[in-house]
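What follows is a single structure, written as structure tokens, with notes after it.
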Amino acid sequence: MQPNPDKQARVEAMLGELAELGLVLARELARQAQAAEDPADTERLVGAFNKTSRAVRLTLALDAKLERDAARLAREEAEGAERRAEAARQLAEQQARAARHAAFDAPPSPAQRHKTRVRNLLNRLIWNESEGDEEAYEVLRDDLDARLEEAAQGEGFADIPVEVIARRLAADMGLSGELVLTLPAGRKAAPEPALADTG
């Protein structure tokens, strides 16, 4: 249960006031005991002084205990918050690692494999078009990626031969140069079917 700060402040104020009153009373009892002429009065006043001063000491000790308890609770709350934050951070790291592993371990889809092959086929043309300028190359790569993403949304994208997609994208991007296809022995380049417009 969390301590109530307002109540705690009120209790501390009351203890402070009690300690002050007890101190004033103890001083008065000490003065009267010193001034008393009758030994019985002196003994009675000294006994009252001892009880009052003991009450003052207990009040001060209780006030100090409450301060220590409040400091301990604040420290424990801070440590608990720190532990919770660390646990949340570790959990987030574990989830991120698991997501990265899942993405890495998941086999690429047919469309992803198709896009990778098209990208590889067009890479040389893009490099030649950029004339070795890395910034221009990156711009053309980004353009190709955007066009590939759009083309991949079309129905049957993974069924269209890679070289057909590559030729169409090269034409749409205005890439010059000859597309170099490496085909298995005996296989002919496929005819060009319709492809979603990426221009």
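The numbers here are math on the coordinates, done by the rules we state, and not lab data. Quantities reported herein were computed from a predicted structural model and do not represent experimental measurements. Note that we place each Cβ from the backbone using ideal geometry, even for glycine, and neighbour counts take in every protein chain shown.
Helix 5-35 against the longest principal axis of the chain: what's the angle in degrees, Cα atoms only, rounded to the nearest 10?
That helix lies at roughly 20 degrees to the long axis.
May I have the pair-distance distribution P(r) for the chain, computed from all Cα-Cα distances with 10 Å bins from 0 and rounded to whole percent?
7, 18, 13, 9, 7, 6, 7, 8, 7, 7, 6, 4, 1, 0
Find how much the distance from residue 130 to residue 57 grows on full extension, using 0.36 nm per residue of separation minus their present alpha carbon separation; answer in nm with one decimal.
17.5 nm
Sorting check: for 46-57, 133-144, 62-73, 165-176, which peptide has the highest mean count of neighbouring beta carbons within 10 Å, and how do the rest follow?
165-176, 46-57, 133-144, 62-73
Determine the dipole magnitude for the chain: charges of +1 sit on the beta-carbon of Lys and Arg, -1 on that of Asp and Glu, nothing else is charged, the reference point is the Cα centre, and the result goes in debye to the nearest 20.
Roughly 900 debye, rounded to the nearest 20.
Normalised by the number of residues in the chain, what is the relative contact order in percent for Cα pairs under 8 Å and 6+ residues apart?
16
What's the FRET efficiency of residue 35 with residue 6 using the Cβ-Cβ distance as r and R₀ = 45 Å, to the nearest 0.05?
After rounding to 0.05, the efficiency reads 0.55.
How far is helix 39-105 tilted, in degrees, relative to the longest principal axis of the Cα atoms in the chain, given as a value from 0 to 90 rounded to the nearest 10?
10
Which GluC sites (Glu not before Pro) in segment 16-49 pass both tests, a DSSP loop state and at most 16 other beta-carbon atoms within 10 Å?
Taking segment 16-49 and a limit of 16 other Cβ atoms within 10 Å, the loop GluC sites (Glu not before Pro) found are 37.
For residue 24 and residue 75, what is the calculated FRET efficiency with R₀ set at 35 Å and r taken between the beta-carbons, to the nearest 0.05?
0.50
With point charges of +1 on the Cβ of Lys and Arg and -1 on the Cβ of Asp and Glu, referenced to the Cα centre of the chain, which listed residue (98, 170, 122) lies farthest in the positive direction of the dipole?
Result: 98, furthest along the dipole toward the positive end.
Could you tell me the calculated FRET efficiency between residue 141 and residue 100, based on Cβ-Cβ distance and R0 = 25 angstrom, to the nearest 0.05?
Computed FRET efficiency for residue 141 and residue 100 comes out at 0.60.
What 222 nm value per residue comes from the helices of the chain, counting each DSSP H run with n ≥ 4 as -39,500 (n - 2.57) and dividing by all residues, nearest 500 deg cm²/dmol?
Helix contribution divided over all residues of the chain: -27000 deg cm²/dmol.
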